[in-house]
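Written below as structure tokens is the structure these notes are about.
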């Protein structure tokens, strides 16, 4: 079932934010802030799959450039606590593909543009978390193509639409200002209704309506809370000051504990109903799929034929690759230790000649004394030991047997998914992708794998549903029942 999520927040100077930085991050691009000279670079955000700027009718064409648009916004919004932009962060139902998501977001953003905003949208396509960021300007564009005022001063009107006079408390009559002008009460009038609480509710409902055009009746989302929808849940009890004071002092209050139990039970009931709904939908989807058992049998048969046909060849190839890799690895250490031993011996020979001097040269000897030989032996003892170990560990021949056991264990396995995927990997590794058996197996697996994934999901949903059902049955108080 699709999940409803819409978060509406302001991007304001009061919080130390800039519209340029926010737009660059959400669009995954490079933008330079003309106000600060800072360049914001977010091109590495790979999840950004689609961005677009939608402008109202009278907006200047150059505002289609993201950098120009938000720099212009920052020029007009000069107050230190000014709201630079408003953002709608919305979750895209997982039931939609990317093309449908683009249309959905553009339709919703288009409705904001009709209200007079310049809108900058970006779709972030994360696995299991498809969502969109929609930034809208806090001013609308006037017919002259310039930013309109956010608010204006106007006369305060009564219920009949008439101006309300300013009354002088001393005389009880309307005040008279300079040049004999009558004084009327004035008020600040917002240029639009975007800051009203009722508007937030309207936007939330509008998003739900846009999404529901793409969702089936069972998967539709609702912007209202469970309480407003009339979903039955156990009510909590009034705790009172005394009970809360007990909790603050470290004593468990029966009333507070009862409320904790009720909240947990309500949460479990919601999860139970959700898991059973998802389970039912999965069962319906699986029932529409091709015969899973037949696909499994065909896939296993084809996989076994390929493993039997190419298993030994793959084992020889993998063993040879591993043999060469291991030999190269060991030989590099052998060469390193051999070189270090040679350098150490040369070092001590030079030391010996230096100590014996001319006498050793006259005799034609290397000048090595027993003491220096002993020092050299101590210095090379570890190196010689490690050299011997590496030579002993040097493989003599490819270990084909272990790789034969590997593919044979898969061959005998009951895991159909593992068997098929390994057989295809094996063929690709040895370059047998043109084998007819491989091509047939690939077709079977492409049908088998999504059904198998749904069946695994169904098992997990069944386990969750059973867990929640057990909790409901074994609750400490049998008054916790809703059905």
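The values are calculated or read from the model by the stated rules, or taken from the named source; none is laboratory data. Not measured: the values here are computed from a predicted model. Heads up, the Cβs are rebuilt from the backbone with ideal geometry, glycines too, and the neighbour counts pull from every protein chain shown.
Of note:
- Every residue from segment 207-227 that is out of contact with any strand residue (DSSP E or B) (no Cβ under 6 Å at 6 or more places or on another chain) and closer than 12 Å to residue 90 by Cα: 208, 210, 211, 223
- Subset tally (residues that are outside any loop (DSSP other than H, G, I, E, B), touching a helix residue (DSSP H, G or I) at 6+ places or on another chain (Cβ under 8 Å) and touching a residue at least 40 places away in the same chain (Cβ under 8 Å)) for segment 125-140: 7
- Residue count for segment 78-101, restricted to those that are part of a loop (DSSP other than H, G, I, E, B) and surrounded by 20 or more Cβ atoms within 10 Å (Cβ to Cβ): 2
- Listed by first and then second residue, the pairs linking a residue in segment 291-318 that is under 15 Å from residue 428 (Cα atoms) to a residue that is assigned to a loop (DSSP other than H, G, I, E, B), with Cβ atoms under 6 Å apart and 6 or more places separating them unless they lie on different chains, are 310/432.
- Within segment 21-44, the set of residues being in contact with a strand residue (DSSP E or B) (Cβ under 8 Å, 6 or more places away or on another chain), touching a residue at least 24 places away in the same chain (Cβ under 8 Å), in a loop (DSSP other than H, G, I, E, B) and surrounded by fewer than 18 Cβ atoms within 10 Å (Cβ to Cβ) is empty.
- Among the candidates 381, 386, 418, residue that is assigned by TED's automatic domain parsing to the domain that holds residue 333, touching a helix residue (DSSP H, G or I) at 6+ places or on another chain (Cβ under 6 Å) and surrounded by fewer than 17 Cβ atoms within 10 Å (Cβ to Cβ): 386
- Whether a residue is touching a helix residue (DSSP H, G or I) at 6+ places or on another chain (Cβ under 8 Å), in contact (Cβ under 8 Å) with a residue 60 or more places away in the chain and surrounded by fewer than 19 Cβ atoms within 10 Å (Cβ to Cβ) was assessed, and residue 423 does not pass this test.
- Tally, over segment 56-65, of residues that are at pLDDT 95 or above and crowded, with 17+ Cβ neighbours inside 10 Å: 1
- Residue 68 being at pLDDT 95 or above, in contact with a strand residue (DSSP E or B) (Cβ under 8 Å, 6 or more places away or on another chain) and either surrounded by fewer than 19 Cβ atoms within 10 Å (Cβ to Cβ) or within 25 Å of residue 195 (Cβ to Cβ) (or both): no
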